[in-house]
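The values are calculated or read from the model by the stated rules, or taken from the named source; none is laboratory data. Quick caveat, the model's predicted, so the values are computed rather than measured. All Cβ positions, glycine included, derive from the backbone under ideal geometry; neighbour counts span all protein chains shown. Ligands, DNA and RNA are excluded from the accessible area calculation, which covers all protein heavy atoms including side chains. Shrake-Rupley method; radii C 1.70, N 1.55, O 1.52, S 1.80 Å.
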Amino acid sequence: MGIDVCNVGTACARYYLWGKNASTSARLSLMRLHCDTNARTSDTITSLLKKFSSVRKPTAASGLLGDLSVERQNEIAGALDRDGFYVFEQRLPPELCDAIEQFAKKTPAALEGKGTRPEDLEVFDPSNPKSKTYRLDEHAIAEHPAIQHLMADRSILAVAERYVGFTPFLSMLNLWWSANFGREPGDAAAQAFHFDYDPPPKWLLFFVYLTDVGPDNGPHVFVRGSHKAGLKASKELLQRGYVRISDDDIATAFGADNVIEIQGKRGTIMAVDTRGFHKGKVLSDGHRLMAQLTFSHPAFSGAHGPVDPIMSRVEPDLATAVHDAPKVFSRYMPAK
Ligand SMILES: O=C(O)CCC(=O)C(=O)O
């Protein structure tokens, strides 16, 4: 444990003194400490990082999530703090869902177990799925105008900022199809319960359903309240380390009532602290298209590696957002 503590301390110091991102070994050390201390060290490191991080003055923010007063943002952050997830009333407008779905329908994507070279990619054919998931390339995702609206959205950023407690870094974008392919939970498809640890120590994910998601189309499943540190229910599960956990073990530890299957119409937006236990349910019918935005602390955000900068036209609302908070978007729009 001592070595891990030193490793994490050094990573934080290097970030604040020289702006260097934490190494993979520092992130692994932090994860081991997280598991050994029933998540308490992650909370401690978050509190320390917050002391040295900037956060903008809270202001009302309007956008895809509605008109969010500061009070409303705090309420949502409070609900997230309590439950670990929050499903917004507002849905993504149909024209944005259409644009993203059309893009995903025609863009070759990566199949599980295949490579990511252009010749390995295939367009998702719902009538003939060959993989549990089809993942689109992150650079292509960021180039898309409809995705740029999501990236630029003030209400999404405001909720992320209120919840994590510092001005976050947009550290990953994902867009993928989940297919009705095989009955067993897929490991790469994240269909067995697990916690995420990327990028630590505090982050918030936004998931957007771009197709209707009922019980058979692979709803996201979250264990209510399981993101908290020091829970009796988590102790033994976290001591197992970063492993997949059976449905029975989760239900025994947390109670079946706390296992929440989030079904929703196309356009449903949810925020999730995936430090809690979660999974995508195995599909038994149809398919699901889902987008994901991850906001995290910049010190550990190298976890997802570099991505080519946006080269196409930048949508005006994203250009404004970048102007207002350049560091948030620096993974996609490096400073000139
Ligand atoms: O597909 C899902 O709903 C779950 C995704 C997931 O587990 C993850 O992003 O870590």
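So for segment 238-249 (the condition being over 18 Å from GLY84 (Cα atoms), open to solvent by less than 10 Å² (accessible area, probe 1.4 Å) and either more than 13 Å from the ligand (Cβ to nearest atom) or part of a loop (DSSP other than H, G, I, E, B) (or both)), does at least one residue qualify? Within segment 238-249, not a single residue is over 18 Å from GLY84 (Cα atoms), open to solvent by less than 10 Å² (accessible area, probe 1.4 Å) and either more than 13 Å from the ligand (Cβ to nearest atom) or part of a loop (DSSP other than H, G, I, E, B) (or both).
Selection of segment 250-273 for residues being outside any strand (DSSP E or B) and open to solvent by 30 Å² or more (accessible area, probe 1.4 Å) yields ALA251, THR252, ALA253, ALA256, ASP257, ASN258, GLN263, LYS265, ARG266. The set of residues in segment 48-61 being open to solvent by 70 Å² or more (accessible area, probe 1.4 Å) and outside any helix (DSSP H, G or I) consists of SER54, VAL55, ARG56, LYS57, THR59, ALA60. All told, ARG72 falls short of being open to solvent by 50 Å² or more (accessible area, probe 1.4 Å), in contact with a helix residue (DSSP H, G or I) (Cβ under 7 Å, 6 or more places away or on another chain) and not polar (S, T, N, Q). For segment 148-201, the candidate set comprises residues that are among the hydroxyl-bearing types (Ser, Thr, Tyr) and open to solvent by 10 Å² or more (accessible area, probe 1.4 Å); within that set, the residue that is farthest from the chain's Cα centre (by Cα) is THR167.
Number of residues in segment 217-226 that are open to solvent by 10 Å² or more (accessible area, probe 1.4 Å) and either under 26 Å from LEU30 (Cα atoms) or away from the ligand (no atom under 14 Å from the Cβ) (or both) equals 2. The condition (being out of contact with any Pro (no Cβ under 7 Å at 6 or more places or on another chain), in a loop (DSSP other than H, G, I, E, B) and at pLDDT 95 or above) is satisfied by just one residue among SER312, SER284: SER284.
Being within 14 Å of the ligand (Cβ to nearest atom) and under 17 Å from ASP137 (Cα atoms) is true for just one of LEU289, LEU283. Which residue is that? From the options LEU289, LEU283, the qualifying one is LEU289. For segment 98-115, which positions are surrounded by 13 or more Cβ atoms within 10 Å (Cβ to Cβ) and more than 18 Å from GLU143 (Cβ to Cβ)? LEU111, GLU112, LYS114, listed by residue number. Look at (1) surrounded by fewer than 18 Cβ atoms within 10 Å (Cβ to Cβ); (2) within 12 Å of the ligand (Cβ to nearest atom); (3) more than 16 Å from the chain's Cα centre (by Cα) and you find that VAL213 fails only one, number (1). Applying the set (1) assigned to a helix (DSSP H, G or I); (2) in contact with a Leu (Cβ under 7 Å, 6 or more places away or on another chain); (3) closer than 20 Å to PRO185 by Cβ to ALA299 leaves exactly one unmet item: (3).
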